[in-house]
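Engineer: Structure in structure tokens, see below.
The values are calculated or read from the model by the stated rules, or taken from the named source; none is laboratory data. Computed from a predicted model, the values in this text were never measured in an experiment. Backbone-built Cβ (ideal geometry, glycine too); neighbour counts: all protein chains shown.
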There are 2 protein chains.
Amino acid sequence: MGSVLSVAARGDAADEVVATETSAAEVDAIVGRAAAASAVLAAASRVDRARLLRSLADALEADSEAIVAAADRETALGTTRLTGELARSSFQLRLFAEVIEDGHYLSATIDHADANAQPVARPDLRRMLVPIGPVAVFSASNFPLAFSVPGGDTASAIAAGNAVVVKVHSGHPATSLLCAAALQQGAADAGFPADTVALVFGTEAGRTLVQHPAVRAASFTGSVAGGRALFDLASGRPEPIPFFGELGSINALVITPDALSERATEIATGLAGSFTLGLGQFCTKPGLVLVPAGTDFAEQLALAAPTTGGSMLNERIRSGWLASVDALGGSDDVTTLLRTAAVSLYSMPASSVIATGGASVAFEECFGPSTLLVEYESADELEAVLRLVPGSLTGSVHAGRGEGSPGSTAALALALLTERCGRVLWNQFPTGVSVTWAMQHGGPYPATTNAASTSVGAAAILRFLRAVAYQNLPAALLPLELRDDNPTAVPQRIDGKL
Amino acid sequence: MGSVLSVAARGDAADEVVATETSAAEVDAIVGRAAAASAVLAAASRVDRARLLRSLADALEADSEAIVAAADRETALGTTRLTGELARSSFQLRLFAEVIEDGHYLSATIDHADANAQPVARPDLRRMLVPIGPVAVFSASNFPLAFSVPGGDTASAIAAGNAVVVKVHSGHPATSLLCAAALQQGAADAGFPADTVALVFGTEAGRTLVQHPAVRAASFTGSVAGGRALFDLASGRPEPIPFFGELGSINALVITPDALSERATEIATGLAGSFTLGLGQFCTKPGLVLVPAGTDFAEQLALAAPTTGGSMLNERIRSGWLASVDALGGSDDVTTLLRTAAVSLYSMPASSVIATGGASVAFEECFGPSTLLVEYESADELEAVLRLVPGSLTGSVHAGRGEGSPGSTAALALALLTERCGRVLWNQFPTGVSVTWAMQHGGPYPATTNAASTSVGAAAILRFLRAVAYQNLPAALLPLELRDDNPTAVPQRIDGKL
């Protein structure tokens, strides 16, 4: 308690942009233009939308130097990380071009009329997914590019055929303006409306946005409090809209006795790197580590932890982290193992967690470079804690060589984590979220407000579509993807067969 | 006003079962058993779950005589309709057996580790959909079988790998008890827990059910008021759950001038059959018919309407229908064209609807054998009304022979309806919902609370799944569907290719 941290905040430096809050009337006008742009996007062919996405990626890369410099001024994340984040963002835009060219995401399905169908005759029916309409995107503090204006939500919403209105995060307005300008140029270059991407500024503008009748879906990456407030607004509308919020995640990580006896040092090194990566400002940071009691793992982890700090994203995040680690460190049965300028580390017996149940301080997310070791005396204690773990983005198991089959302690832990998490890992660390076809970045509440969806990877496009069936339509009025001659060569399930 | 209708209610007849309301403690115990049964279902192979679904269908058919008799006593729907509904229900169970054997619904996706992947090296990642957990099903008044205990929600939830707890509709408790007994026998016959299907009775039990922490999703078919109240409870939980509600639908139907001049009598006959089918007690009943003004279509429709009535589902529905048609008939600018024992028919100028906007009485659903003709003077008036139509399950266009290409009045109407509806029809009527791969039974609010989902057809299974990614797992701990040797021969997308 009371030790001075050198972890500083740079987001509030002198050169920041102070953006004017967007008024309700301006939000209304912006959403009106987004609706018009959505109609253009929805009417465009998939080939043209794929071209649009690649043009957006090109435009982002063309301005990369200025964007990275602005983002570094506003977030202190450093040019190496930010250059990587820009590459990830443009990669993401191009991946969604491939997703819509592939076309499977539409689930195009044709059932021809059949007078002899069972249990009754059926008409000609053709179903596919269509764009949902303008999407509100609430950007994140910790990813000024990949989860903000040019991020995965924007990319997947546009790929699906919708314009986006991004509520800018207050931590990086200049970066957001530069990114929006680049994307608008990219849209224009591809012959699409500049209104394909628009921005609004300010908390109240965000609330207005998520309640606007023409907004048809929203996505969010941020805190439980902020995300839940917006989810409640979206669900409470006269016409509720889907709200895909990524809120908070504890990301439990289990180390089995076998794993520890085989490679404690290697695990300590990997874990120290993971929970302090980016100063712990990742939603997938392992925040609760289950380790066998009575070992020296805590000392090994403390030794492996970095000794130099850095600047956190902004003052609010820094003070929030300090408050949460103070609360953790001051809790009953919690031992402070390490508290330096760069990192803090705590431990707690599993029995204390079990005694308090789901309300234990062990399950409070601390967004920053800290983690909590929960020391278990037995497999029963391990299981009891895992049954209390709240919904999370990730859950990891570090297992011994002999534990790779059902029945092992590690396999049991994995099964319990799978019930609670969107991504489970074996002998790896959860920070670092690959942008691939198979990624799932989501999970049961409070990890997200919708455990069926992902905000990263190819399946993210499914959030921004709705389904329509066309009955007995003349071919000329059908979407191209549902015609018998299949002019866009999309995968079609025909009379039950794909 | 004041004319006596012979349409009676039979649900309140002397032989009804008065079921005891399920207490909160009983709901808790039932959900606990459903959670245990869900674990069994989730662990079962798709082959075994397909066998379970066919066993449920067999058991339902084995008891069909008693079930149909009970349903007829409780709902007055008649044995012909109810025998068909039972056949539809068992067909539905078997269709979902095919859906899970097909396996595409899982979206099994494998990305192998790739040290050279762009923009950064990636780990081994495998994603698929997994069962969500116990599902609460709120059954409908108007389909005592196909949208109740043995209906599509139950079939799709079990197919996905979840146990269901059905909140019985007060209109058919005896039918529900018989159906549950049959399904429990069918489950036992297939070696699955009887708790695969359970019942609760009473409005308060339903509220308790949708708020129970172990219930992971809910589905509902019924009124806007009832559905919205439950949606609000589901969304307001500490951990919100997805709520798939089918609430209310106006089902606009457009008749173009060309269609009318070509085949007015044929359309009148078809429409009269559609809006009075089952005494208008279908969620897809065409409740608002846009017709050219200054024709004799209203007279033709009145002539085509049936002259004999029948018994409505129950007294509450009958009195609700009378109240809604009284309100409609007494509204400004509404003309009563026909009001008999069997049917009522109204008309209103499009200009009046446009003047009142979205709040017009024209958009209030009247659940029963009635419809409203809205007479338009011009294509502009037609378009203006269509832009006000609320989200609906269906929208239909009756077009002339020359209107089957873009640019026609009919094509414009179809496009406007497609923005608002889950199913659009051309020269057909919306009552009758086929159970097929391509069916979409859903639509923008208030038709449903989730326009991406369907409650009928193969895609209904997607409501009761969530997504999990498995990173770097030993093969022996992966679900069978994600293994490289693909022992269950499921469709897999591997490294981006399906």
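Engineer: B:Glu266 - would you say it is within 14 Å of chain A (Cβ to nearest Cβ), over 21 Å from the mean Cα position of the chain (by Cα), surrounded by fewer than 23 Cβ atoms within 10 Å (Cβ to Cβ) and not aliphatic (A, V, I, L, M)? Give the steps one after another, and end with the answer.
Structural biologist: Working: within 14 Å of chain A (Cβ to nearest Cβ): no; over 21 Å from the mean Cα position of the chain (by Cα): yes; surrounded by fewer than 23 Cβ atoms within 10 Å (Cβ to Cβ): yes; not aliphatic (A, V, I, L, M): yes.
Taking the combined requirement at face value, the residue does not satisfy it.
Engineer: Which one of these is over 30 Å from B:Gln471 (Cβ atoms), touching a residue at least 24 places away in the same chain (Cβ under 8 Å) and assigned by TED's automatic domain parsing to the domain that holds B:Leu183: B:Ser90, B:Ser107? If you could, list the steps in order and put the result at the bottom.
Structural biologist: Working: B:Ser107 fails: over 30 Å from B:Gln471 (Cβ atoms).
Result: B:Ser90 is the single residue among B:Ser90, B:Ser107 that is over 30 Å from B:Gln471 (Cβ atoms), touching a residue at least 24 places away in the same chain (Cβ under 8 Å) and assigned by TED's automatic domain parsing to the domain that holds B:Leu183.
Engineer: Of A:Ala43, A:Ala59, A:Ala36, which residue is in the same structural domain as A:Ser141 (by TED's automatic domain parsing), in contact with a helix residue (DSSP H, G or I) (Cβ under 8 Å, 6 or more places away or on another chain), of a type in the set (Gly, Ala, Ser) and surrounded by fewer than 20 Cβ atoms within 10 Å (Cβ to Cβ)? Reasoning before the result, please.
Structural biologist: On the way: A:Ala43 fails: in contact with a helix residue (DSSP H, G or I) (Cβ under 8 Å, 6 or more places away or on another chain); A:Ala59 fails: surrounded by fewer than 20 Cβ atoms within 10 Å (Cβ to Cβ).
None of the other options fit; the residue is A:Ala36.
Engineer: Take the residues in segment B:105-119 that are at pLDDT 95 or above and in contact with a Lys or Arg (Cβ under 8 Å, 6 or more places away or on another chain); name whichever of them is surrounded by the most Cβ atoms within 10 Å (Cβ to Cβ).
Structural biologist: The extreme case among them is B:Thr109.
Engineer: Every residue in segment A:469-480 that is in contact with a Ser or Thr (Cβ under 9 Å, 6 or more places away or on another chain), in contact (Cβ under 8 Å) with a residue 40 or more places away in the chain, surrounded by fewer than 23 Cβ atoms within 10 Å (Cβ to Cβ) and within 7 Å of chain B (Cβ to nearest Cβ), please.
Structural biologist: None - no residue of segment A:469-480 is in contact with a Ser or Thr (Cβ under 9 Å, 6 or more places away or on another chain), in contact (Cβ under 8 Å) with a residue 40 or more places away in the chain, surrounded by fewer than 23 Cβ atoms within 10 Å (Cβ to Cβ) and within 7 Å of chain B (Cβ to nearest Cβ), so the list stays empty.
Engineer: Would you kindly identify the strands (runs of 3 or more DSSP E) lying entirely within segment B:327-407 that contain at least 3 residues that are modelled with pLDDT of 95 or more and within 30 Å of A:Ala467 (Cβ to Cβ)?
Structural biologist: Details: elements: B:335-339, B:344-349, B:370-376, B:392-398.
In segment B:327-407, the matching strands (runs of 3 or more DSSP E) lie at B:370-376, B:392-398.
Engineer: Would a scan of segment A:481-495 turn up a residue that is surrounded by fewer than 19 Cβ atoms within 10 Å (Cβ to Cβ), β-branched (Val, Ile, Thr) and outside the structural domain of A:Ile100 (by TED's automatic domain parsing)?
Structural biologist: The answer is yes; a qualifying residue exists.
Engineer: Which of the residues spanning segment A:409-433 are more than 9 Å from chain B (Cβ to nearest Cβ), outside any helix (DSSP H, G or I) and within 19 Å of A:Glu262 (Cα to Cα)?
Structural biologist: Taking segment A:409-433 as the starting set, the residues that turn out to be more than 9 Å from chain B (Cβ to nearest Cβ) are A:409, A:412-413, A:416-417, A:420, A:429, A:431, A:433.
In the following step, the residues that additionally are outside any helix (DSSP H, G or I) were identified as A:429, A:431, A:433.
Within segment A:409-433, just A:Phe429 meets the criteria.
Engineer: Listed residues B:Ala155, B:Ala180, B:Ala160; which is outside the structural domain of B:Asn314 (by TED's automatic domain parsing), surrounded by fewer than 23 Cβ atoms within 10 Å (Cβ to Cβ), modelled with pLDDT of 95 or more and of a type in the set (A, V, I, L, M, F, W, C)? Show your work before the answer.
Structural biologist: Numbers: B:Ala155 fails: surrounded by fewer than 23 Cβ atoms within 10 Å (Cβ to Cβ); B:Ala160 fails: surrounded by fewer than 23 Cβ atoms within 10 Å (Cβ to Cβ).
Exactly one of B:Ala155, B:Ala180, B:Ala160 is outside the structural domain of B:Asn314 (by TED's automatic domain parsing), surrounded by fewer than 23 Cβ atoms within 10 Å (Cβ to Cβ), modelled with pLDDT of 95 or more and of a type in the set (A, V, I, L, M, F, W, C), namely B:Ala180.
Engineer: Still on this structure, please answer the following. Within segment A:271-288, take every residue that is under 17 Å from the mean Cα position of the chain (by Cα) and among the polar types (S, T, N, Q) and give me the one that is farthest from A:Ala341 (Cα to Cα).
Structural biologist: My answer is A:Thr284.
Engineer: If a residue must be over 17 Å from the mean Cα position of the chain (by Cα), of a type outside the set (A, V, I, L, M, F, W, C) and more than 13 Å from chain A (Cβ to nearest Cβ), how many such residues does segment B:210-254 contain?
Structural biologist: 2
Engineer: Here's something else I'd like to know. Before we move on, is A:Val224 under 21 Å from A:Thr284 (Cα atoms) and not small (Gly, Ala, Ser)?
Structural biologist: So A:Val224 passes the test.
Engineer: Among the residues of segment B:435-458, are any buried (at least 24 other Cβ atoms within 10 Å of the Cβ), more than 7 Å from every other protein chain (Cβ to nearest Cβ), of a type in the set (A, V, I, L, M, F, W, C) and assigned to a helix (DSSP H, G or I)?
Structural biologist: Yes, because at least one residue in segment B:435-458 is buried (at least 24 other Cβ atoms within 10 Å of the Cβ), more than 7 Å from every other protein chain (Cβ to nearest Cβ), of a type in the set (A, V, I, L, M, F, W, C) and assigned to a helix (DSSP H, G or I).
Engineer: Also: If I ask for residues that are assigned to a strand (DSSP E or B) and closer than 20 Å to B:Pro474 by Cβ, which ones from segment B:84-131 would you list? Walk me through how you get there before you give the answer.
Structural biologist: Just the residues of segment B:84-131 that are assigned to a strand (DSSP E or B), to begin with: B:109-111, B:114, B:122, B:125-131.
The answer is B:Thr109, B:Ile110, B:Asp111, B:Asp114, B:Arg122, B:Leu125, B:Arg126, B:Arg127, B:Met128, B:Val130.
Engineer: Among the numbered criteria (1) in a helix (DSSP H, G or I); (2) more than 14 Å from every other protein chain (Cβ to nearest Cβ); (3) not basic (Lys, Arg), which one does B:Ala42 miss?
Structural biologist: Going through (1) in a helix (DSSP H, G or I); (2) more than 14 Å from every other protein chain (Cβ to nearest Cβ); (3) not basic (Lys, Arg) one by one, B:Ala42 breaks only (2).
Engineer: Give the residue that is nearest to A:Leu386 (Cα to Cα), with candidates limited to residues of segment A:233-259 that are surrounded by fewer than 22 Cβ atoms within 10 Å (Cβ to Cβ) and free of Cβ contacts under 8 Å to residues at least 60 places away in the same chain. Write out each step before concluding.
Structural biologist: Just the residues of segment A:233-259 that are surrounded by fewer than 22 Cβ atoms within 10 Å (Cβ to Cβ), to begin with: A:233, A:235-240, A:257-258.
Still in the list and also free of Cβ contacts under 8 Å to residues at least 60 places away in the same chain: A:233, A:235-240.
Details: A:Leu233: 32, A:Ser235: 31, A:Gly236: 33, A:Arg237: 36, A:Pro238: 39, A:Glu239: 38, A:Pro240: 34 Å.
Among them, the one singled out is A:Ser235.
Engineer: List the pairs whose first member sits in segment B:173-187 and is farther than 14 Å from B:Phe201 by Cβ, whose second member is hydroxyl-bearing (Ser, Thr, Tyr) and assigned to a helix (DSSP H, G or I), and whose Cβ atoms are under 6 Å apart, counting only residues at least 6 apart or on separate chains?
Structural biologist: Pairs that qualify, where the first residue is farther than 14 Å from B:Phe201 by Cβ and the partner is hydroxyl-bearing (Ser, Thr, Tyr) and assigned to a helix (DSSP H, G or I), are B:Gly186/B:Ser55; B:Ala187/B:Thr196.
Engineer: Give the residue, chosen from A:Arg483, A:Arg493, A:Arg466, that is within 9 Å of chain B (Cβ to nearest Cβ), of a type in the set (D, E, K, R) and out of contact with any Ser or Thr (no Cβ under 7 Å at 6 or more places or on another chain). Break it down into steps so the answer makes sense when it comes.
Structural biologist: Details: A:Arg483 fails: within 9 Å of chain B (Cβ to nearest Cβ); A:Arg493 fails: out of contact with any Ser or Thr (no Cβ under 7 Å at 6 or more places or on another chain).
None of the others qualify; the one that does is A:Arg466.
Engineer: Evaluate the following for A:Thr308: is it over 30 Å from A:Val135 (Cβ atoms), within 20 Å of the chain's Cα centre (by Cα) and either hydrophobic (A, V, I, L, M, F, W, C) or not assigned by TED's automatic domain parsing to the domain that holds A:Val164 (or both)? Working first, answer last.
Structural biologist: Working: over 30 Å from A:Val135 (Cβ atoms): yes; within 20 Å of the chain's Cα centre (by Cα): no; either hydrophobic (A, V, I, L, M, F, W, C) or not assigned by TED's automatic domain parsing to the domain that holds A:Val164 (or both): yes.
It is false that A:Thr308 is over 30 Å from A:Val135 (Cβ atoms), within 20 Å of the chain's Cα centre (by Cα) and either hydrophobic (A, V, I, L, M, F, W, C) or not assigned by TED's automatic domain parsing to the domain that holds A:Val164 (or both).
Engineer: Still on this structure, I have one more. Just one of the numbered conditions (1) touching a Lys or Arg at 6+ places or on another chain (Cβ under 6 Å); (2) at the interface with chain A (Cβ under 9 Å from one of its Cβ atoms); (3) not β-branched (Val, Ile, Thr) is not true of B:Arg122; which one?
Structural biologist: Failed condition: (1).
Engineer: Of the residues that sit in segment B:62-103 and are crowded, with 17+ Cβ neighbours inside 10 Å and among the hydroxyl-bearing types (Ser, Thr, Tyr), which one is modelled with the lowest pLDDT?
Structural biologist: Among those residues, the one meeting the criterion is B:Thr75.
Engineer: Would you be able to tell me the number of residues in segment B:208-228 that are surrounded by fewer than 16 Cβ atoms within 10 Å (Cβ to Cβ) and either in contact with a helix residue (DSSP H, G or I) (Cβ under 8 Å, 6 or more places away or on another chain) or not assigned by TED's automatic domain parsing to the domain that holds B:Val27 (or both)?
Structural biologist: So the count comes out to 1.
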